[in-house]
Each structure stands twice: as structure tokens, then as C-alpha cells.
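The values are calculated or read from the model by the stated rules, or taken from the named source; none is laboratory data. The model shown is predicted, which means the values in this text are computed figures rather than measured ones. Positions of Cβ are generated from backbone atoms using ideal geometry, with glycine treated the same way; all protein chains shown enter the neighbour counts. Heads up: the accessible areas ignore ligands, DNA and RNA and are worked out on the full protein's heavy atoms, side chains in. Shrake-Rupley method; radii C 1.70, N 1.55, O 1.52, S 1.80 Å.
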Amino acid sequence: MGKYLVKTVKTGFTFNVIAGNGQVIGVSEVYTTKASCLNGIDSVKRNAPVAGLEDQTVEGFEGVKCPKFEIYNDKAGEFRFRLKARNGEIILASEGYTRKDGCLGGVESVRKNSDSPIVEEE
């Protein structure tokens with residue numbers, strides 16, 4: 001089973017979604033308070049299982065309403081995804097993947113691990 005790892009950073013709090021194999025599959029923005037960070041986790045838990053998929057790497061892609069996962073190419077040409085909440089805010093972003101199927105696997109891993117427990121970094 002995966003987990004949400006809450007971390008304290010210089011400017012506030014962040015969380016990572018970590019798969020059962022220990023791989024980081026998504027990272028949050030920096031939140032100013034721990035409470036807002038925990039709200040971000042709740043938003044992933046609520047939105048990831050029901051989010052649509054918008055593949056922006058396909059020419060003429062069809063837009064999907066939020067909540068949604070967006071797959072896109074970054075400036076380096078790698079595939080990435082981001083999870084947007086119902087209000088359009090980005091609540092989770094991925095690392096770069098060299099292959100699209102790896103990126104799609106990351107999306108599925110976030111869905112699968114969305115109900116994971118919350119732990120705090122020591």
C-alpha cells in the first residue's frame with residue numbers, strides 16, 4: 001500500500017504520494033500551513049478516483065471538465081501529469097516520464113493509492 005508523506009520545508013509544508021514500491025508518483029505545491037497541506041491530501045483522495053483524463057499530447061485533444069488528470073509534454077519533451085481539482089487548481093504534479101505509458105501508469109497509481117494513510121517525515 002502507498003502513503004502520503006507530509007514534509008516540513010523552509011516555506012511551509014508539502015506532501016508526496018508514494019506508491020507501495022516506494023516510488024514518488026506525485027508532489028504537491030508548498031502550503032503555508034499544515035492544515036492546508038492536509039486539505040490538499042483530502043482533495044487528492046476525493047478527486048483522483050473520479051477524475052477524467054485529458055491527453056494534451058494528442059493533436060486536437062478533447063477537453064475534459066475538472067476534476068481531471070492532464071497529460072502533457074514538458075519543455076524537455078518528457079511526459080508529465082497533473083491532477084486538477086473541481087475548481088481547476090493543480091493539487092498534484094508528477095515527475096517527468098520518458099514514455100507515455102509510464103505516465104499513464106503514474107496516473108493509475110495515484111488513483112490506486114488515493115486512499116492511502118498519511119505519515120509525517122521524521
* Find the residue count for region 92-122, including only residues that are more than 14 Å from P49 (Cα to Cα) and part of a strand (DSSP E or B). => 5
* **Close pairs (9 angstrom Cβ cut-off, 6 or more residues apart or separate chains): farther than 15 Å from T14 by Cβ in region 108-122, part of a strand (DSSP E or B) and open to solvent by 50 Å² or more (accessible area, probe 1.4 Å) anywhere** => N113/K3; S116/K3; P117/K3
* Taking region 52-77 on its own, how many of its residues are surrounded by 17 or more Cβ atoms within 10 Å (Cβ to Cβ) and touching a Phe, Trp or Tyr at 6+ places or on another chain (Cβ under 9 Å)? -> 5
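Determine whether D101 is more than 23 Å from V30 (Cα to Cα) and at pLDDT 95 or above.
On the way: more than 23 Å from V30 (Cα to Cα): yes; at pLDDT 95 or above: yes.
The answer is yes for D101.
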* **Candidates R99, R80, R86 - the one that is touching a Pro at 6+ places or on another chain (Cβ under 6 Å), open to solvent by 10 Å² or more (accessible area, probe 1.4 Å) and free of Cβ contacts under 8 Å to residues at least 40 places away in the same chain** => R86
* Just one of (1) touching a Ser or Thr at 6+ places or on another chain (Cβ under 9 Å); (2) within 27 Å of V119 (Cα to Cα); (3) open to solvent by 40 Å² or more (accessible area, probe 1.4 Å); (4) not hydroxyl-bearing (S, T, Y) trips up K10, so point out which. => (1)
* **Number of positions in region 24-51 that are free of Cβ contacts under 8 Å to residues at least 40 places away in the same chain and open to solvent by 50 Å² or more (accessible area, probe 1.4 Å)** => 9
